[in-house]
Amino acid sequence: MSINTKPWGRTPYREDVLLFTMENSSGCKVRISTYGAALIGLEIPAADRLVDVVLGYDSLEEYMTDGNYMGATVGRVAGRISNAAFELDGRKYQLDRNEGNNHLHGGKYGFNRRNWEVLALNDESNSPSLTFELHCKDGMGGYPGNVRIETTFTLSGTTLSIIHSAECDSPTPLNLTSHPYFNLNGDGQRIDGHELKILSAKSPQLNDSLIPDGQIIDLCGSEADFTAFTPLGKTPQDRYFILDNEESPLVPAAVARCNESGLEMELHTNQPGLQLYTADGMAKGTSGKNGRNYGPRCGLCIEPMGYPDAVNRKEFPSVILNPGERYHHSTEYRFRNYKAAPENN
């Protein structure tokens, strides 16, 4: 129905940050910031109320000091890179270490710390969209090559789609994702009772630093087995699941649901896998929006992306983008109300 824009402050570099609100005729509303191309809020009609299903902060200043990648677009490379280094075409590239000895989510100055430019607006009544653009220079964060990225958010019915696309002028790793924390009850409280189903039981085996060792394991019967709807419970989760999507551009990957609100979220993606993270590292007492206090297990991240540490694992599908190629990452979050009933698996 509308796209509204308002100034939201300035970065330390005196860049003007904008906050957009898109609302459609299905009663859904999404708020997105140019800072970090971040998803600030997403309101979905439940049976008896509107539920803001993503966690966030009230102010720009909180996003600029955030260490949780709250709602942000993450890059150049999402996930972990072992020893914060990789080799490409015979040259070693050293990145910054921002998680022990490793490099996480693009490092200290990743895309979540950049103020994106507005490229396009489409004010269609039931399918408004917003496209941001980012230019990432050769050498930024230690990565080679100039890269131009576009990210488009579309609110169609009760579906939010996010499409990332990019081009480069020399070979470079590129592996983007979106990092919203979902809480389908909208209260920012523990998600132990949320139920999750992931259409995969395959995962890279991890070492103590959550770096893959190159082996692929079967999770059936383990505490990370979500092949049937399973309450998240209290077990920490920070693991990559391998999807079978070689024959289709967009496949169902995961379904999360909350009996209290009656909302269900089905995720479709064209990526080879997804990272599941249950916010166990979020500090207790983290101040959230609308006076909420967040903490461990207050939200659920389902991050579609390429394999972690693929730049150092030749046995994994490559995340190298070459000149003349176009990177394309498509994900849809499809919401609906459901009647809680025993699952018929």
Unmet criterion (only one of (1) of a type outside the set (Phe, Trp, Tyr); (2) part of a strand (DSSP E or B); (3) within 30 Å of Ala47 (Cβ to Cβ)) for Gly188: (2)
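Would you mind listing the strands (runs of 3 or more DSSP E) fully within the stretch 41-131 where at least 1 residues are under 22 Å from the mean Cα position of the chain (by Cα)?
Numbers: elements: 50-52, 72-74, 85-88, 91-94, 117-122.
Per the criteria, 50-52, 72-74, 117-122.
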Top-ranked residue of the stretch 132-147 - restricted to ones that are outside any loop (DSSP other than H, G, I, E, B) and closer than 19 Å to Arg326 by Cβ, ranked as most open to solvent (accessible area, probe 1.4 Å): His135
Among (1) open to solvent by 70 Å² or more (accessible area, probe 1.4 Å); (2) without any contact (Cβ under 8 Å) to a residue 60 or more places away in the chain; (3) closer than 28 Å to Ile242 by Cα - the single one Asn101 does not satisfy: (2)
Candidate set from the stretch 192-241 (those that are more than 30 Å from Glu260 (Cα to Cα) and free of Cβ contacts under 8 Å to residues at least 24 places away in the same chain); member that is most open to solvent (accessible area, probe 1.4 Å): Asp208
Subset of the stretch 58-88 that is open to solvent by 10 Å² or more (accessible area, probe 1.4 Å) and in contact with a helix residue (DSSP H, G or I) (Cβ under 6 Å, 6 or more places away or on another chain) - its residue that is farthest from Trp8 (Cα to Cα): Ser82
Subset of the stretch 17-28 that is over 17 Å from Ile162 (Cα atoms) and part of a loop (DSSP other than H, G, I, E, B) - its residue that is most open to solvent (accessible area, probe 1.4 Å): Ser25
Filtered residue count, the stretch 29-55, keeping only those that are within 11 Å of Gly186 (Cα to Cα) and either open to solvent by less than 50 Å² (accessible area, probe 1.4 Å) or touching an Asp or Glu at 6+ places or on another chain (Cβ under 7 Å) (or both): 11
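Mind telling me which of the residues Arg31, Arg14 ends up being among the charged types (D, E, K, R), under 13 Å from Leu160 (Cβ atoms) and either part of a loop (DSSP other than H, G, I, E, B) or at pLDDT 95 or above (or both)? Break it down into steps so the answer makes sense when it comes.
On the way: Arg14 fails: under 13 Å from Leu160 (Cβ atoms).
The match here is Arg31.
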Odd one out for Thr152 among (1) of a type in the set (S, T, N, Q); (2) closer than 27 Å to Gly100 by Cβ; (3) assigned to a strand (DSSP E or B): (2)
Any hit, the stretch 6-15, residues being open to solvent by 30 Å² or more (accessible area, probe 1.4 Å), among the acidic types (Asp, Glu) and touching a Leu at 6+ places or on another chain (Cβ under 9 Å): no
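The values are calculated or read from the model by the stated rules, or taken from the named source; none is laboratory data. Quantities reported herein were computed from a predicted structural model and do not represent experimental measurements. Glycine also receives a Cβ, built like all others from the backbone with ideal geometry; neighbour counts cover every protein chain displayed. Side chains included, ligands, DNA and RNA excluded: accessible areas come from the protein's heavy atoms. Shrake-Rupley method; radii C 1.70, N 1.55, O 1.52, S 1.80 Å.
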